[in-house]
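The next block holds one structure in the form of structure tokens; read it before the comments.
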Amino acid sequence: MKKSAVSWLVVSSIVVAVAAVLAQGPPGGQARPAGQPPAAGAPQTQRGPMYVAPPRLAVREIQDDLFQIALGLDSTCMYVLVTRDKALVVDTQTMADFEGKKIVDYVKEITNKPLVVVNTHPHRDHIAGNAQFGEAYLSAPAIEEVKAAAARANTPITYTMKAVKDGDTIDLGDRKIEVIAIPAHSPGSIALLDQKTGYLFTGDEIDPGQVVGMNPEKIQMHHANMKKLYDKYYSKVTMIIPAHNGAPVTKRYIKYFMDLDAKIMAGTAPVVPIADGPNYDRWNDSMTRYREHFASVVYTKPVPK
């Protein structure tokens, strides 16, 4: 009995020692290159309860004809709508390449059809890959904003910009995409309605996380745009396809935002903590978050004179 007890203690000590070695991560603090899986049998770095995964560019099939290319926790999303004759590329991400591969290469892995690029608005997290495609459609105010930003940075624009306006259609062959002006978050914002499927690409003007950058003037514009979408297009829309914070959502978000905007203007909208929303950490003391149902708006109150 005494010999067995000694043997058991020896085996237990070896198991504990091996476990302790495996729990230490890679030697010398080395990290494997981004996107490279760990070698077979390699020890894994421990992940605590507050571990946050590094941003990844994820490609997903949303519908048979619709693909999403999302950065990080669905924070910035671009889309590829594949039709019979062409493919519509809605926005071109927040960086020109990721892990050594250009944005256009991610798109070409989805389809080899001719590409038509449209920017929902000119903010830099939506147009970074434009030059790789050669040309892009934007609203006239968006084109002016892109030119002004390039002039400030003293950088050339190396692609062709073509203007579209409210009511225009983009011909993809078997599909017609209607351009709908909805300027508020950005003066250059447009929505894109696939007249065949009812997909409505809304850029940053409808978002399941929040619509940001609102103020007394912009909230009136946003409300008018939501009313326009509700009155004129609601019956034609099948789903909302946002540029941030996740996959497509129900068209009821048009009504949710229209109603919330009205309450903000009336001073009756429910206030929630500013941090009560995904992927938004650029607030200050002048900002207020309003939320009702599934709509949320980050609003900057005017500074008293």
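The values are calculated or read from the model by the stated rules, or taken from the named source; none is laboratory data. Fair warning: this is a prediction, and the values are worked out from it, not measured in the lab. Positions of Cβ are backbone-derived with ideal geometry, glycine not excepted, and every protein chain shown enters the neighbour counts. When the accessible area is computed, the model is the full protein with side chains, heavy atoms only, and any ligands, DNA or RNA have been set aside. Shrake-Rupley method; radii C 1.70, N 1.55, O 1.52, S 1.80 Å.
The residue that is nearest to Glu61 (Cα to Cα), among those in region 136-151 that are in a helix (DSSP H, G or I) and under 20 Å from the mean Cα position of the chain (by Cα), is Ala142. Scanning region 158-168 for residues that are open to solvent by 60 Å² or more (accessible area, probe 1.4 Å) and among the β-branched types (Val, Ile, Thr) turns up Thr158, Thr160.
What number of residues within region 213-233 satisfy the criterion of being outside any helix (DSSP H, G or I) and under 13 Å from Leu200 (Cβ atoms)? Adding up the residues that qualify gives 0. Within region 75-93, the set of residues being open to solvent by 10 Å² or more (accessible area, probe 1.4 Å), in a loop (DSSP other than H, G, I, E, B) and modelled with pLDDT of 95 or more comprises Arg84, Asp85, Lys86.
One residue alone among Thr300, Thr238, Thr268, Thr250 is open to solvent by 40 Å² or more (accessible area, probe 1.4 Å), within 18 Å of the chain's Cα centre (by Cα) and among the polar types (S, T, N, Q), and that residue is Thr250. Might you let me know whether region 245-261 holds any residue that is touching a helix residue (DSSP H, G or I) at 6+ places or on another chain (Cβ under 8 Å) and over 30 Å from Gln195 (Cα atoms)? No, region 245-261 has no match at all. Flag set for Asp174, criterion: out of contact with any helix residue (DSSP H, G or I) (no Cβ under 9 Å at 6 or more places or on another chain) and in a loop (DSSP other than H, G, I, E, B). For region 121-135, the criterion of being open to solvent by 70 Å² or more (accessible area, probe 1.4 Å), in a helix (DSSP H, G or I) and of a type in the set (Asp, Glu) is met by none of the residues.
Tell me which residues, restricted to region 103-120, are part of a loop (DSSP other than H, G, I, E, B), in contact with a strand residue (DSSP E or B) (Cβ under 6 Å, 6 or more places away or on another chain) and more than 17 Å from Tyr159 (Cβ to Cβ). Within region 103-120, Thr111, Lys113 qualify. Check whether at least one residue in region 152-164 is part of a loop (DSSP other than H, G, I, E, B) and aromatic (Phe, Trp, Tyr), and report yes or no. Yes, region 152-164 contains at least one residue that is part of a loop (DSSP other than H, G, I, E, B) and aromatic (Phe, Trp, Tyr). Reported count of residues in region 104-125, each being over 15 Å from Ala150 (Cβ atoms) and touching a residue at least 12 places away in the same chain (Cβ under 8 Å), is 15. Taking (1) closer than 19 Å to Gly203 by Cβ; (2) outside any loop (DSSP other than H, G, I, E, B) in turn, Val59 satisfies each apart from (1).
Summed over region 199-235, the residues that are closer than 17 Å to His123 by Cα and either open to solvent by less than 30 Å² (accessible area, probe 1.4 Å) or at pLDDT below 95 (or both) give a count of 12. What residue, among those in region 169-198 that are open to solvent by less than 40 Å² (accessible area, probe 1.4 Å) and of a type in the set (D, E, K, R), is farthest from Asn215 (Cα to Cα)? Of everything passing the filter in region 169-198, Arg175 is farthest from Asn215 (Cα to Cα). Selection of region 61-103 for residues being within 23 Å of Pro208 (Cα to Cα) and touching a helix residue (DSSP H, G or I) at 6+ places or on another chain (Cβ under 7 Å) yields Phe67, Ile69, Thr76, Val80, Val89, Asp91, Thr92, Gln93, Thr94.
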